[in-house]
1. Spelling out what I want: for every residue of region 385-401, take phi, set θ = phi - 60°, compute 6.51 cos²θ - 1.76 cosθ + 1.60 (Karplus), and round to whole Hz; glycine and proline get x.
2. With the contact rule set at Cα under 8 Å and sequence spacing of 6 or more, what percent relative contact order holds for the chain?
3. State the answer as a single residue: which of Leu53, Val98, Gln311 lies farthest towards the positive end of the charge dipole of the chain, with beta carbon charges of +1 for Lys and Arg and -1 for Asp and Glu, about the Cα centre.
4. Determine, for Val29, Val323, Val199, the number of other Cβ atoms within 10 Å of each Cβ, and report the residues in order from fewest to most.
5. Compute, for the chain, the length of the dipole vector about the Cα centre, with Cβ point charges of +1 (Lys, Arg) and -1 (Asp, Glu) only. Units Debye, rounded to 20.
6. Within region 243-348, list the GluC sites (Glu not before Pro) lying in a DSSP loop whose Cβ has at most 14 other Cβ atoms in a 10 Å radius.
7. About its Cα centre, how strong a charge dipole does region 3-206 have in debye, to the nearest 20, once Lys and Arg get +1 and Asp and Glu get -1 at the Cβ?
8. Please turn the phi angles of region 256-269 into ³J(HN,Hα) values with the Karplus equation 6.51 cos²θ - 1.76 cosθ + 1.60 (θ = phi - 60°), one per residue in order, whole Hz, x for glycine and proline.
Amino acid sequence: MPIETFTLSNGLRIVCESMPSARSVAVGVYIGTGSRDERSSEYGVSHFIEHILFKGTLRRDALDIVREIEGRGGYINAETDKEYTAFYVRVLPEDLSVALDVLSDMLLSPRLEPEDIEREKRVVLEELRELMDYPEEYVYDLFAQTLWSRHPLAHPVIGTVPTILAMHRSHLLGVMSERYTAPNTVVSAAGLVDAKQLVAMVERYFASMPATQPSTKLRPARAAARQRLLRHPTQQVHFCMGTAAYNLYDERKYTVAVLETLLGGNMSSRLFQEVREKRGLVYHIGTSAIAYREGGYFAVHANCNPDNYRQVLEVTREQLRRVCEGDLSEEEVQRARHQLRGSLLMSTESVNGRMSANARSMLFHGRVITVDEIIEKLEAVDVGNVVAVARELFGNGKMALAAIGSLPKGGVKEDEPL
């Protein structure tokens, strides 16, 4: 079935992907604001708003919100990223109207009681403490801060202790008034859903959303080959090493996806085979390629015994050098392309996956980029493209590095360039 798009008179955009074989429908409200839009005094405000909107509306208390969905066998959740905040539900098709009613109620009529705000501060601080206790997750935040330093993409999504404690009702309302507007919002649905019925429901529940357009100034992210080491009494060192890559609108991101897959995207990848299978130096090693509007990054992440830390870094660098030198076959690139194609095609069977991908595409590209389009771009990537991109990313040998754990003494000091 074709993906259909619509725009309400207030500027809110709607995406509908009908999947006749599905037995449920996923619907999400995606707002184009996240941690990159925050000032230093309000770090974490997007994430805090995501939390506090679950604490009650003028018509529902916190328990009512979740009971309305879970009592029908559904699922409700939310997430905050650097560039967007999302609230989403999965329900049976007959309960779609209820889902949209709940979501619109949360977004347009939040209660924001001072006592709820104070209580949620304690919850978010516990979430921050939990993050700090999981170095395999926190190292990604540390890497972004190390790579991008003062650029908005370095802002911590969850915030800091002082900024979380400073949250107050009037500021939350001000941020929502400025950024939670119809032209900055996409409602996306995928599954057993009729487009005309969806549009009528969205118009019913979201017609009152303000039509103002928030002002967002984008600027290219400048990266630096710094390192940041946090010594922490853990059994392993968790590290993330990488470099700046391409932004969301750069066609080379498809070549990066192939490079990321063949280097560390699976158990047959170069790094997994060389570092884990042949040498037994790690339990986990992989790669990440992230693209935002203002920039992106390519990173290798792993955790290992502190005694193996430097060797793992050396072996990883050697594998990157080999690709830069052209030590790469068409067969290897073809396998990576085929894996990406398979993953993309299998993702089309997920109502949640399709809803989310369509929403983000509409939010940042103004249209839905189809799976077929993506596959066509990936299939055009050859060995020469991969080697050229690898040389551009890794050729000078300069990398940003973030590491947490029982780091070995000696070597480069914290915050010195590599």
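No value in this document is a laboratory result; all are computed from the given coordinates. Being a predicted model, the structure only gives us computed values, none of them experimental. Cβ placement follows ideal geometry from the backbone for every residue including glycine, while neighbour counts extend to all protein chains displayed.
1. 4, 5, 5, 4, 5, 4, 5, 5, 7, 10, x, 7, x, 8, 9, 8, 9
2. On the way: 804 pairs, mean separation 92.2, N = 418.
Here the relative contact order equals 22 percent.
3. Towards the positive end, the residue furthest out is Gln311.
4. Working: Val29 26, Val323 21, Val199 18.
Arranged by neighbour count, lowest to highest, Val29, Val323, Val199 become Val199, Val323, Val29.
5. Once rounded to the nearest 20, the dipole reads 840 debye.
6. Values: sites: Glu251, Glu260, Glu274, Glu277, Glu294, Glu314, Glu318, Glu325, Glu330, Glu331, Glu332; in loops: Glu251, Glu294, Glu325.
Here the GluC sites (Glu not before Pro) that fit, given the DSSP loop and packing criteria, are Glu251, Glu325.
7. That gives a dipole near 400 debye.
8. Rounded to whole hertz, the list is 4, 4, 5, 4, 4, 5, 6, 7, x, x, 6, 6, 8, 5.
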